[in-house]
1. Between residue 7 and residue 58, what's the calculated FRET efficiency when r is the beta-carbon distance and R0 is 22 Å? Round to 0.05.
2. Taking a point 7 angstrom from the Cα of residue 26 along the C-beta vector, which residues in the range 48-84 have backbone N less than 15 Å away?
3. Taking only Cα atoms, what is the 0 to 90° angle, nearest 10, from helix 60-78's long axis to the longest principal axis of the chain?
4. Just need the Rg to Rh number for the range 28-85, please, alpha carbons only, Kirkwood Rh.
5. Using Cα pairs under 8 angstrom and six or more residues apart, how large is the relative contact order of the range 31-162, in percent?
6. Output the peptides 72-78, 147-153, 19-25 sorted from most to least packed, where packing is the average of other Cβ atoms within 10 Å over each peptide's residues.
7. Going by average Cβ neighbours within 10 Å, how do the peptides 44-53, 135-144 rank, with the highest at the top?
8. Quick one: angle between helix 100-115 and the longest Cα principal axis of the chain, in degrees between 0 and 90, rounded to 10, please.
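Rule-based calculations on the coordinates, nothing more; no lab input. Because the structure is a prediction, the values reported are computed rather than measured. Please note: Cβ atoms are built from the backbone with ideal geometry, for glycine as well, and neighbour counts cover all protein chains shown.
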């Protein structure tokens, strides 16, 4: 159990570092960095716990949706504290959860399908379809999960934009 807790903390820590990096290159005020880091760490760690075979064993699409909801909730509730729109904290916090490996494997399978001279590309076509659909569903789930808190707390989330 010690190793699992260490992995959860590491996952959250590295997600926080990535979110702070994304926030810094997005020219958000430095006061938002702590909120971005906190939201990314909480969301990414939740996704890790939900996907862990010993704890949740939930599919990455549902786990990413729930994690994006938590990130959105933290961003919406803490953005007024740092006096920025919720999106300034939300978007950098979501970026570490972008499914890069699924996108990479999709492109790899596409290149394999296009460049292969043999008509039997069943493995590459399956890989292309599986990875593309999974990537699309993860991103869609993240969009839906992140937007629910914005609509639930409409008064708070649009406070900084008035």
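1. Efficiency, from the Cβ-Cβ distance: 0.85.
2. The answer is 68-80, 82-84, whose backbone nitrogens lie closer than 15 Å to the label point.
3. So the helix axis and the longest Cα principal axis differ by about 20 degrees.
4. Values: Rg = 12.9 Å, Rh = 11.9 Å.
My calculation of the ratio gives 1.09.
5. Computed value for the range 31-162: 34 percent relative contact order.
6. 72-78, 19-25, 147-153
7. Numbers: 44-53: 19.6, 135-144: 18.1.
Packing order, densest peptide first, comes out as 44-53, 135-144.
8. Around 30 degrees separate the two axes.
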